[in-house]
1. May I ask you to list pairs of residues, at least six apart or on different chains, whose Cβ atoms are under 6 Å apart, with the first in segment 47-73 being outside the structural domain of F146 (by TED's automatic domain parsing) and at pLDDT 95 or above and the second being surrounded by 14 or more Cβ atoms within 10 Å (Cβ to Cβ) and β-branched (V, I, T)?
2. Among the helices (runs of 4 or more DSSP H) confined wholly to segment 170-242, which include 3 or more residues that are among the hydrophobic types (A, V, I, L, M, F, W, C) and either touching a helix residue (DSSP H, G or I) at 6+ places or on another chain (Cβ under 9 Å) or within 16 Å of the ligand (Cβ to nearest atom) (or both)?
3. If V253 meets every condition in (1) surrounded by 14 or more Cβ atoms within 10 Å (Cβ to Cβ); (2) within 22 Å of D67 (Cα to Cα) apart from one, which number is that one?
4. Anything in segment 211-229 that is surrounded by fewer than 18 Cβ atoms within 10 Å (Cβ to Cβ) and either modelled with pLDDT under 95 or not basic (K, R) (or both)? List them, or say none.
Amino acid sequence: MKIIKKILEMQDQSDHLRSSGKKIAFVPTMGFLHEGHLELMRYGKKTVDTLVVSIFVNPTQFGPNEDFDAYPRDMEGDLLKVEQVGGDIVFSPEAGEMYPADSQTKVVVDKVTKHLCGLSRPGHFDGVTSVVSKLFNIVKPHIAIFGEKDYQQLAVIRRMVMDLNMGIEIVGIPTVRESDGLAMSSRNAYLNPQERASALCLKKALDLADRLANEGEKNTRTIKRSMEELILRHPFTEIDYVQLCDPVSLEDVESIDGETLVALAIKVGRTRLIDNKIISMKGDFS
Ligand code: AMP
């Protein structure tokens, strides 16, 4: 497995692979890898010839009061994990390599960034789309693989790739969970044992929404209220948002008429966790 830190070297490698007819799968990550990340990589490895993984904690997607400095890092452990799933290249640039002092360009996606995490993390998605565009230009993948756990991020990237005619296939992989249902996340490492127990409220609230819709409840306000009550019964929790929305536009919906995205962001202690589920009303309750 090759470890590349310089942009030009990565571009040369990708040009070489492409000109020899190889297909490149790309998994962008911020490291501190877990099974969720590895599932994305396994998909890439089994689908095409060459798997490139980037490990880069991108400063521009963190707000001023967010956890950039504290974000967990374990480069040595990460390299072992990528090697074990058969990764071919790890691209792990320094921040200065990605953002020279006079860089001035941003990629901004409009409407789909204006909901959910876009409201509570201003500028976050501009950081994501800008870094992912740069990474796409550096790694030059045929396909890029993202997790459905970060549902809005996946929707924003799909929009960007379509709008800018990037010609890269975007694949979404279902959320990988711990055995008790908590969505895997590098940020779970921040949780103490009491907070870890409370964090189960995210999955429980999503399952409750699913159950209510299955029982015929169409009113999203009623479902949202029940979810919020369930969440707040768990200690250390603070609700950032609980939303039921259209899975493509991410605009709020008042009634469950077709597939509906239930998305939430909850602070457990000082750790902000997100999760989501697509629900729909089953059966005929008319
Ligand atoms: P991150 O390192 O948090 O930026 O995540 C890198 C990629 O892994 C993103 O596409 C995430 O959506 C994906 N990812 C993170 N956690 C999970 C999970 N539990 N299951 C599936 N994919 C995930």
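1. Nothing qualifies.
2. Numbers: elements: 193-198, 201-214, 220-232.
Filter on segment 170-242 gives 201-214, 220-232.
3. Against the list (1) surrounded by 14 or more Cβ atoms within 10 Å (Cβ to Cβ); (2) within 22 Å of D67 (Cα to Cα), V253 comes up short only on (2).
4. As a first pass, look at segment 211-229 and keep what is surrounded by fewer than 18 Cβ atoms within 10 Å (Cβ to Cβ): 211, 214-219, 221-222, 225-226, 228-229.
Correct list: N214, E215, G216, E217, N219, T222, S226, E228, E229.
Residue by residue, here is whether (1) in contact with a Pro (Cβ under 8 Å, 6 or more places away or on another chain); (2) surrounded by 20 or more Cβ atoms within 10 Å (Cβ to Cβ) holds:
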{"residue": "P72", "(1), (2)": "no, no"}
{"residue": "L80", "(1), (2)": "no, no"}
{"residue": "V90", "(1), (2)": "no, yes"}
{"residue": "A95", "(1), (2)": "yes, no"}
{"residue": "D102", "(1), (2)": "no, no"}
{"residue": "K114", "(1), (2)": "no, no"}
{"residue": "G118", "(1), (2)": "no, no"}
{"residue": "G123", "(1), (2)": "no, no"}
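Quick grid of which residues meet (1) in a loop (DSSP other than H, G, I, E, B); (2) within 16 Å of the ligand (Cβ to nearest atom); (3) in contact with a Phe, Trp or Tyr (Cβ under 7 Å, 6 or more places away or on another chain):
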{"site": "E9", "(1), (2), (3)": "no, no, no"}
{"site": "D12", "(1), (2), (3)": "no, no, no"}
{"site": "H16", "(1), (2), (3)": "no, no, no"}
{"site": "V27", "(1), (2), (3)": "no, yes, no"}
{"site": "L33", "(1), (2), (3)": "yes, yes, no"}
{"site": "G36", "(1), (2), (3)": "no, yes, no"}
{"site": "R42", "(1), (2), (3)": "no, yes, no"}
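The values are calculated or read from the model by the stated rules, or taken from the named source; none is laboratory data. This one's a predicted model, so the numbers in the text were calculated from it and none came from an experiment. Positions of Cβ are generated from backbone atoms using ideal geometry, with glycine treated the same way; all protein chains shown enter the neighbour counts.
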